Amino acid sequence: MFRGLTIGEFAQLTHLSVRTLRRYHESGLLEPASVDPASGYRYYTAEQIPAAQVIHRLRELDVPLADVAKILATEDAAERADLAGGHLRRLEEELARTRAAVVSLRRLLRPDDGGLDVELRSVAARTVAAVEGVVDHDEVLSWYGEAMAELDAAVAGLPRLGPPGGRYANEVFTGGRGAVLVHRPVADPPVRGRVRPVHLPPAELAVVVHCGPHDDIDVTYGRLGAWVVDHALVVDGPVHETYLVGPRDDPDPATWRTEIGWPVFRLASSP
């Protein structure tokens with residue numbers, strides 16, 4: 001009488017160890033098709049191979065045992081995909097954070113490549129179409145995406161007077177929450193939804209261009225800050241960013257160019 005695949009045969013077919021299969025059985029994730037009552041030997045069927053491999057992949061992704069069991073027990077394919085998708089999104093976010101940390105660390109560990117090309121610039125007052133808010137530091141990126149999408153829709157068809165930009169209060173960085181403003185310079189800024197005409201006062205800025213993705217933009221911020229200190233310039237007001245080339249212009253992060261403008265004034269004793 002055919003009893004199925006032995007645990008050793010099943011391990012060979014699934015590339016899972018016997019020990020792992022026993023652990024899956026004990027935890028209730030994958031029970032054998034039958035267990036010999038006399039010997040205790042476990043037997044599996046070929047139909048159980050995909051389930052074993054799915055469990056293995058989920059566990060490789062650090063999905064908790066309880067959640068693996070919930071995914072396997074869900075018969076509705078869409079619901080099962082949603083449950084697994086939540087964990088995949090979490091892992092993608094963790095991978096993105098890891099990638100950003102690696103990129104920043106590599107740049108920090110490299111010797112300085114000759115310093116920054118910093119420009120001292122006077123920016124005139126202007127009125128722009130803008131969205132403003134008080135935002136937690138961890139939510140700035142998501143808030144920015146929504147605000148810029150709303151801006152794009154509100155100013156569609158209006159003559160553009162320059163690239164989009166943003167202003168970030170010091171409290172965003174020092175206290176984890178502060179005033180944020182994103183804007184588009186356009187003729188006759190409209191009033192639509194959260195979009196309003198906002199008057200930006202004149203500013204004196206130390207400006208540098210960050211090239212590439214924003215994974216290591218904090219390094220450029222740090223080097224610009226060091227330059228400001230070395231040149232006896234004092235910070236005065238929110239940081240300005242100007243998005244010369246960004247995701248809306250080119251999906252390739254290598255082409256992105258972001259101006260960072262650090263508000264400054266020169267000390268009387270500085271050269």
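The values are calculated or read from the model by the stated rules, or taken from the named source; none is laboratory data. Keep in mind that what you see is a predicted model, and the values were worked out from it rather than measured. Note that each Cβ is placed from the backbone with ideal geometry, even for glycine, and that neighbours are counted across all protein chains shown.
Among the residues making up the range 149-184, a single one is of a type in the set (Val, Ile, Thr), over 14 Å from VAL198 (Cβ atoms) and touching a residue at least 12 places away in the same chain (Cβ under 8 Å): VAL172. Against the test of being modelled with pLDDT under 95, surrounded by 14 or more Cβ atoms within 10 Å (Cβ to Cβ) and over 20 Å from VAL140 (Cα atoms), the options GLY237, GLY225 yield a single qualifying residue, GLY225. Among helices (runs of 4 or more DSSP H) entirely within the range 2-95, having at least 2 residues that are at pLDDT below 90 and within 30 Å of ASP215 (Cβ to Cβ) singles out 49-60.
Across the range 112-135, not a single residue is classified as closer than 20 Å to ASP249 by Cβ and within 20 Å of the chain's Cα centre (by Cα). Which residue is surrounded by the most Cβ atoms within 10 Å (Cβ to Cβ), if the candidates are limited to the range 250-265 and must be aromatic (Phe, Trp, Tyr) and at pLDDT 90 or above? Once the filter is applied, the top-ranked residue is TRP262. A Cβ distance below 6 Å, combined with a sequence gap of six or more or placement on separate chains, defines the contacts here; from the range 64-88, residues that are closer than 16 Å to ALA52 by Cβ reach residues that are in a loop (DSSP other than H, G, I, E, B) and not aliphatic (A, V, I, L, M) in the pairs LEU65/SER27. Only one entry in GLY115, GLY162 is modelled with pLDDT of 75 or more and in a loop (DSSP other than H, G, I, E, B), namely GLY162.
Only one of the numbered conditions (1) closer than 23 Å to GLY133 by Cβ; (2) under 20 Å from the mean Cα position of the chain (by Cα); (3) of a type in the set (Val, Ile, Thr) is violated by THR220, and that is (1).
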